[in-house]
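Heads up: the structure comes next, in structure tokens.
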Amino acid sequence: MDRPRVARAALAIGAIAYAALVFAMSRTPGPRAWALHLPGFLPPAQRLLVMAMLFGGALLLLADFLRPGRAVPDAARDRASHPKHRKGAAKKTAKRGGVLFPGWSAWLLLIPWAWLLWSLEIKTRFLGDATVWLAGLINGDVNPSNEPLAAAVWMGFANTLRSLAVPIGPAAVGSLSVLCGLLAGALLWGIATEITPRSASRAIVLGVLATLGIAQLYFGYIESYPVVSVFVLAFLWLGLRRLRGMDSPFLAGAVLGLTIASHLATVLLLPSHAYLLLKEKRPVALRALLALLPLAVPTAILILLHYPPEKLAGALRIATHAVEPGHAATAYTKPYGILSLDHALDVANGILLSMPVPALLLLASAAVWTSRRRASSAAPSGADPASLFLAIAAVPGLLAAMALVLPVVPAQDWDFTSLLLLPLAVWGVKATGSMPGTPLRGWSGAGLVLIGAGALLSFVLVNASVESGLRRFETLIGPGARTSAYGRAYGNELLSTFDSQRHDTRQMLVHAERALDAEPSNPRYWVGKGAALHEKRYEEAVERFREAARRSEPRPDYLNNLGVALYHAGKPDSARTVLYGVVRRWPGYALSRNLITLFFGPAALDSAGVSARPR
């Protein structure tokens, strides 16, 4: 079997297996197959649409494999994929009668892309730390751990909205991620232009790249990753252009510096920049200067942003927040080891969620490489510089994703995993495009785009529906989920906060109880269970608030809650003692001052020994 048919066979088998797994895992969705169970949370009509797209794409790939075709000689492949032969491709297409569109027409695709990003905006904030970021933007205080420049961009955008008298809410703030999606679309077109050989279709390559799972970040997602992913794509595009001698060598290094400043984990791209410098035909001194640029730029940015150096030591807290004294050890407990089957399943889920089609393409490339090694004992020809550059950019991120075990639910931290795997996805498309008889055209190309669109659509539709997103997240942290106590507690806290925003006190108490059961050492969860106050279960609320105050450092809000519960429990003297203690220790805490006046009269503040007006 020649190599093009080997690739098509691998793609057809892989696509059918993927569609069948999605169908099976969606019938009774559970927490383990979190990349495959998405259609199971959709309404019947939407589920049918997604499954039709997945199986339709698989059938196109199967049909492309079964139909007779001629083999493509290697020499012809090499000539066709060489950059100097690309220039005449359009003229030959015109001679064959193909439709030729003006170059600017590709920009028109951004119009329907923007409409999709806006109309299918995410409705729930359970994934990642979106709830924390949204609260920080509303309060004007985002506390970045390892994404200083991205946080500064978000804060600048929120401040711009305030200056325009636009209310800071999810829809308004999330429009920044839509803008990032438009930039990403333009960059993906540039990358598709660089990695598409003459024998493939640039539209197909763009379709495969645009339907990566990471595109979910652009549907109103509120966190650092929409901004960071744009920087990563910009560096990959400029790196590919630089290998052709385009642009200044300083440009790629400067953009990489901005990328690292936007998220410190992107230092993993430094080896790929070193490869660019090795390909430069410039003096050693200049190349040494260029090597320092990606480190000098983020250093200068961190200084300008007053980023404290001690935060660098806390970079491991990527998926955690508000780690309070007394339960830090619980927060960093891992649910399983790196070399466990559970972790291997989560890595596979991360790959299938963020890059299902590039994963199939990498499978096909591996099958072709294996068949070539068996057919010939000669050493394979060297890879082209663009493929090597992308491979060097991809491998560190893949290794990091394989080594990273976080205490939260892996599906919740999908955004960071997708960012690590983004260069791998681009490399997978490039590797397959360089194969003889590339499948990135014709029926097979259409099938690949259809599968990618179906996979992305299932992810987007789940998150664009409150009911679907809520059901999926409850499944992810429910029975059978392999996560740490911290991850289960944090997930239930998010659900409890969501319930409080919907004024569903009963369900809020259910999730608060689950968070407390998972991590009783965290005083914040005792406060959450104190919401029994709203159900007029006053004695229970007193017990919860008292335990929260005992387990934490002195805090006026915790003690204030205790005073309110004591008053409603029929213990006004105890409530007076607690509230008086709050205003004596924190004279400016207006909430307790107002409650003292409400419960005990205006003269009560004088009895507390504080002035009627806060200092």
Requested in this report: Please give the contour-minus-distance gain from Ile111 to Glu474: 0.36 nm per residue of separation, less the Cα-Cα distance, rounded to one decimal in nm.
Outcome: 127.2 nm
**Report entry** Relative counts (whole %) of C-alpha pair distances in segment 442-482, using bins that are 5 Å wide
**Finding:** 5, 21, 16, 15, 15, 10, 9, 6, 1
Query raised in the report: R0 = 35 Å: FRET efficiency of Gln507 with Leu598, Cβ-based, nearest 0.05?
Result: 0.75
Requested in this report: Quick one, can you get me the convex hull of the C-alpha atoms of segment 532-578 expressed as volume per residue in Å³?
Outcome: 57 Å³
Report summary line: Going through Lys123/Lys430; Lys334/Lys430; Lys123/Lys571; Lys334/Lys529; Lys529/Lys571 one by one, the pairs whose alpha carbons sit over 31 Å apart turn out to be Lys123/Lys430; Lys334/Lys430; Lys123/Lys571
Query raised in the report: What is the mean projected area of the alpha carbon convex hull for segment 131-232, to one decimal in square nanometres?
Result: 6.9 nm²
Query raised in the report: Going from the alpha-carbon gyration tensor of segment 470-607, what semi-axes, largest first and in whole Å, does one get by taking the root of 5 times each eigenvalue?
Result: 32, 14, 12
Query - Mean shadow area of segment 173-310, taken as a quarter of the surface of its Cα convex hull (nm²) - result: 9.7 nm²
Query raised in the report: What nm distance separates the two modelled labels at Arg372 and Leu295, each placed 7 Å from Cα along Cα→Cβ?
Result: 3.6 nm
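Computed from the coordinates by the stated procedures, all read-outs in this text should not be read as laboratory data. Small disclaimer: the values here were computed from a predicted structure and weren't measured. Every residue, glycine among them, receives a Cβ derived from its backbone with ideal geometry; neighbour counts consider all protein chains shown.
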